[in-house]
Amino acid sequence: MFFGFLAIHLCQRSKLLWAALAMSVGISIKMNLLLMLPGFLLLLVKGTTLPKQIFGVVLMIGVQFLVAMPFAAAGYSSSYLAKAFEFSRVFIHHWTVNFKFLPEEVFVSTGFAKLLLGLHLAILFAFAHLRWCRKDGGVFQVIKKWSIASAVSVLPLVGVTLSVSKAKKLDQRGNLDPNYVADVMFGCNFVGILCARSLHYQFYSWYFPTMVYLLFSARGIPAFGKVLLLLLIEVSFNVFPSTPGSSALLTACHVTLTVGYFLSTFKAGKAKRV
């Protein structure tokens with residue numbers, strides 16, 4: 001998570017290419033940073049122009065190639081890819097902290113995995129459309145404005161100049177609001193935690209440092225309730241081995257926090273030039 005939080009810090013300082021490097025290094029160490037990747041890509045779209053966006057993506061891919069090179073040189077490229085990005089892995093029901101209340105046959109089924117994936121994508125879209133892109137008119141308006149802004153930034157390279165009003169394109173010249181960066185990255189990560197097929201005890205470190213921000217950004221939950229939620233999540237992770245009751249409690253806390261966070265109004269801070 002060190003590289004994930006480093007990437008967030010760099011995004012808050014509008015150093016997106018360095019953030020892309022940190023993200024990719026972190027992903028090469030532990031795949032859980034993929035949970036933040038959709039949020040980072042949104043920041044990349046809103047925070048810089050198309051040439052830098054392309055360079056950032058190429059940089060991230062390049063890091064993965066560099067990490068894979070020793071394995072490829074030894075003739076293990078297929079094995080490396082299969083294990084480094086093992087999305088089809090089936091987790092052991094005994095060790096799950098979040099879904100122990102489900103029957104084992106349901107927990108290990110492909111249908112349950114597909115349901116969680118669909119739910120993950122749907123919740124991410126809802127957050128992106130109604131929260132993170134709301135100021136720009138939603139996801140589809142961001143795509144439209146991004147397309148126009150990209151054309152404006154690239155066409156001059158071939159001798160074509162477009163004159164477009166600011167309202168019709170994304171403003172990618174200013175610094176990203178640090179509070180917005182935290183909102184997107186922490187929220188994106190937590191949605192992934194909510195829909196994770198299995199959480200193990202050590203996975204608590206993936207999102208514990210973000211809990212205070214998430215809880216006190218949530219709406220409709222009194223301060224006492226927020227503190228109680230934090231304590232109940234802590235209790236759930238301290239039951240060993242997990243039980244159907246402790247995992248049901250953890251999932252209920254995650255759902256409650258997600259709903260409260262989704263219903264809250266994002267309060268922008270003031271971006272400073274650094």
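Quickly run through segment 157-196 and pick out the residues that are basic (Lys, Arg) and either at pLDDT 90 or above or farther than 22 Å from Phe40 by Cβ (or both). Before the answer, list the steps.
First, the residues of segment 157-196 that are basic (Lys, Arg): 166, 168-169, 173.
Scanning segment 157-196 gives Lys166, Lys168.
Does segment 55-106 hold any residues that are part of a loop (DSSP other than H, G, I, E, B), modelled with pLDDT of 85 or more, of a type outside the set (Ser, Thr, Tyr) and over 20 Å from the mean Cα position of the chain (by Cα), and which are they? First the steps, then the outcome.
Initial filter on segment 55-106 (part of a loop (DSSP other than H, G, I, E, B)): 74-76, 85-92, 96-103.
Then keep just the ones that are modelled with pLDDT of 85 or more; that gives 74, 92, 96-103.
Subset that is of a type outside the set (Ser, Thr, Tyr): 74, 92, 97-103.
Ala74, Ile92, Val97, Phe99, Lys100, Phe101, Leu102, Pro103 - these are the residues of segment 55-106 that are part of a loop (DSSP other than H, G, I, E, B), modelled with pLDDT of 85 or more, of a type outside the set (Ser, Thr, Tyr) and over 20 Å from the mean Cα position of the chain (by Cα).
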All but one of (1) touching a helix residue (DSSP H, G or I) at 6+ places or on another chain (Cβ under 8 Å); (2) surrounded by 13 or more Cβ atoms within 10 Å (Cβ to Cβ) hold for Pro209; state the number of the condition that does not hold. (2)
Among residues of segment 107-121 being touching a residue at least 40 places away in the same chain (Cβ under 8 Å) and exposed (fewer than 14 other Cβ atoms within 10 Å of the Cβ), the residue nearest to Val90 (Cα to Cα) is Leu117
Report, by residue number, each residue of segment 110-137 that is at pLDDT 90 or above and among the small types (Gly, Ala, Ser). Gly111, Ala113, Gly118, Ala122, Ala126, Ala128
Could you list, in sequence order, all residues of segment 5-39 that are of a type in the set (Val, Ile, Thr) and either touching a helix residue (DSSP H, G or I) at 6+ places or on another chain (Cβ under 6 Å) or at pLDDT 95 or above (or both)? Ile8, Val25, Ile27
Scanning for something in contact (Cβ under 8 Å) with a residue 12 or more places away in the chain, in contact with a Gly (Cβ under 8 Å, 6 or more places away or on another chain) and under 24 Å from Ala182 (Cα atoms), does segment 45-66 turn up at least one residue? yes
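The values are calculated or read from the model by the stated rules, or taken from the named source; none is laboratory data. Small disclaimer: the values here were computed from a predicted structure and weren't measured. Positions of Cβ are generated from backbone atoms using ideal geometry, with glycine treated the same way; all protein chains shown enter the neighbour counts.
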